[in-house]
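Let me begin by presenting the structure, written as structure tokens, before commenting on it.
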Amino acid sequence: ALILCQKLLLAALSEHEDVGIFAPEERRVIRDHLSWTRKLRRTRTQFHGDEIDLIDFVRANKDKLVLKPSTGLGGDDVFVGYSIPSQQWNKVVDKALEMGNWVVQEFFPPVSHLYQAGENGCGLFQSIWGFFTFGNRYIDGFLRILPTNKFSGVINCALGATVGIFMEVDK
């Protein structure tokens, strides 16, 4: 399970999307379902077709990016660039480079959804959906929700998110 939880696998898919090892349909799936992800290291790479120095790009574009350890779970040690000061962001970049097992991803803000909010009806929440599949077969999933007014860039239980429920419907 630890191998399959490695975010470095996401970086490998994202980094090698266009090098000719994936079939056209596989490239489409990677492009459509995986945010731009790179292992954080001193290298040159591509960002949406532009060649970049990765570390310079990460330091200069923090508002578009997320830093996280490759093996973290539940949103722990996730740093969303727009939500922290530049000085702190740069310290996290330095720490991540030193540790050598972090990834950087393009940030996409979550969309608010209505969920039950106790006895008072519904309210707006930010959510994280996770689905587990094996090949083309759906296995299970999870949902973490956080009231929109408590959202600071990361949705995790340590910051007040709760586990939500969803209903699975057969075809």
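The values are calculated or read from the model by the stated rules, or taken from the named source; none is laboratory data. Because the structure is a prediction, the values reported are computed rather than measured. Cβ: placed from backbone, ideal geometry, glycine included. Neighbour counts: every protein chain shown. Each accessible area value is taken on the protein alone, full model and side chains, heavy atoms only, with ligands, DNA and RNA left out. Shrake-Rupley method; radii C 1.70, N 1.55, O 1.52, S 1.80 Å.
Structure above, values below:
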item: Some residue of the range 106-113 being within 19 Å of the chain's Cα centre (by Cα), surrounded by 10 or more Cβ atoms within 10 Å (Cβ to Cβ), at pLDDT 90 or above and not aromatic (F, W, Y); result: yes
item: Residues of the range 136-155 that turn out to be among the hydrophobic types (A, V, I, L, M, F, W, C) and in contact (Cβ under 8 Å) with a residue 40 or more places away in the chain, as a count; result: 3
item: Members of the range 127-171 found to be farther than 25 Å from F79 by Cβ and open to solvent by less than 40 Å² (accessible area, probe 1.4 Å), listed by number; result: G141
item: Members of the range 131-163 found to be closer than 23 Å to E25 by Cβ and in contact with a Phe, Trp or Tyr (Cβ under 6 Å, 6 or more places away or on another chain), listed by number; result: I139
item: Among the residues listed as D56, D77, the single one being without any contact (Cβ under 8 Å) to a residue 40 or more places away in the chain and within 14 Å of M99 (Cβ to Cβ); result: D77
